[in-house]
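Nothing in this text is a laboratory measurement; each read-out follows from the coordinates by a stated rule. Quantities reported herein were computed from a predicted structural model and do not represent experimental measurements. Here Cβ is always computed from backbone atoms with ideal geometry, including for glycine, and neighbour counts include all displayed protein chains.
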Amino acid sequence: MTFNKSDILARVEAIGAQDTDAFDIGEAALLLAALDLPENNIADYRDQLDLIAADMKAASRDVDTLADRAAVLSDVLYRQHLYQGDVETYDDPQNANLMQVMDRRKGLPVALGILAIHAGRAVGWEVSGLNFPGHFLLRLGSAGEYAFIDPFDEARRVSGGDMQKIFMRLHGQQMPQQADLIRPVSDREILVRLQNNIKIRALNEGNRDRGIEILQTIALLIPRNVETLTELALLEASVGSIKSALGRIDDFHSRNPNPTHDQHLASLKAKLSRSLN
């Protein structure tokens, strides 16, 4: 089963229009992947997700403790299905496209995290992403207790000290003692984080058109986010699409009436309008 791009975008837009995360994160990530690979048969990848779910159900009977749950997740996803973090070609854009991750059996932390979330939830476990910056981590829950795991490292359990080391390696400073860094994030935020990885790599390569394309997808996922609207409008203006950017601002304002945004949107629109003169 394949979809044309307009069909896929409509499905992504429908996800963004929901007020809750009442969608399947694995399916949603496949739709995002299909935007770049519309010729791929999405049913083949759904079958792979179903197989992961079936193997999890077979392996998780009579498993209750957090340690055992983490071990089962590691065994099924990383040993049985052979997924791994891509250390050698970390910045390869394929690592953030779930279809290509499933084809290559390797990817970024957030892409592997989506597979781990799918696997855990298939057997009713509580699994969520964390707000930890720079390296996507997961929270696995059981009976009111929680453990943090690293989807890039075969679902290895991560301690507070491990987080400090990861933060220091990535940011060159001590991790601040802020609960926000380990708060659970919504599935929608995870999808945005996945797409941001693609956007950042495109912009680092100077590919602003690709950056615009990905930001348009992000805007569908979080249609009321003024920061995304601002970034997209400015990027469009930077490639000369000022009228498109102005129209996007007007459309955002009409769809999302919010007095707290009025001054910002007016200022942004005035800035871009001056560029036309």
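How many angstrom lie between the Cα centre of segment 1-77 and the Cα centre of segment 128-165? Computed from Cα coordinates, the inter-centre distance equals 20 Å. Counting 0.36 nm for each residue step from D64 to D251 and taking away their Cα separation leaves a gain of 62.3 nm. What FRET efficiency do you get for S273 and L203 if R0 is 22 Å and r is their Cβ-Cβ distance, rounded to the nearest 0.05? Plugging the Cβ-Cβ distance into 1/(1 + (r/R0)^6) gives 0.35. Once the convex hull of all Cα atoms in the chain is built, its volume per residue stands at 149 Å³.
Once the Cα atoms of helix 25-36 and of the chain are each reduced to a long axis, what angle between those two axes, in degrees from 0 to 90 to the nearest 10, is obtained? In the chain, helix 25-36 runs at an angle near 50 degrees to the longest axis. For E189 and D44, the FRET efficiency from 1/(1 + (r/R0)^6), where r spans their Cβ atoms and R0 equals 35 Å, is about 0.80. Take the Cα of T2, step 7 Å toward its Cβ, do the same at Y146, and the gap between the two points is 4.3 nm. The label-point distance for E213 and Q263, in a model that sets each label 7 Å from Cα toward Cβ, rounds to 3.9 nm.
The simple spin-label model puts a point 7 Å past each Cα toward its Cβ; for R79 and Q164 those points are separated by 3.1 nm. Residues E236, E145, E213 in ascending order of nearby Cβ atoms (within 10 Å, fewest first): E145, E213, E236.
Between 0 and 90 degrees, the angle of helix 109-121 with respect to the longest Cα principal axis of the chain falls at about 60 degrees. Rounded to the nearest 20, the size of the Cβ-charge dipole of the chain about its Cα centre is 740 debye, with Lys and Arg at +1 and Asp and Glu at -1.
Set the Förster radius R0 to 22 Å, insert the Cβ-Cβ distance between D103 and N131 as r into 1/(1 + (r/R0)^6), and round the FRET efficiency to 0.05. The value I calculate is 0.15. Each 10 Å bin from zero up to the one holding the largest Cα-Cα distance in segment 27-129 carries the following percent of pairs: 15, 48, 30, 6, 0. Seen against the Cα atoms of the chain and their longest principal axis, helix 160-171 is set at about 40 degrees. Mean-square fluctuation check for the chain, GNM, Cα pairs under 10 Å: which of A96, A67, A143 is largest? Sorting by GNM fluctuation, first place goes to A143. The residues packed around L108, meaning those with a beta-carbon under 14 Å from its beta-carbon, carry a net charge of 0 if Lys and Arg are +1 and Asp and Glu are -1.
Note on the chain: helix-only mean residue ellipticity at 222 nm, from DSSP H runs of 4+ residues weighted -39500 (n - 2.57) and normalised by residue number, equals -18500 deg cm²/dmol.
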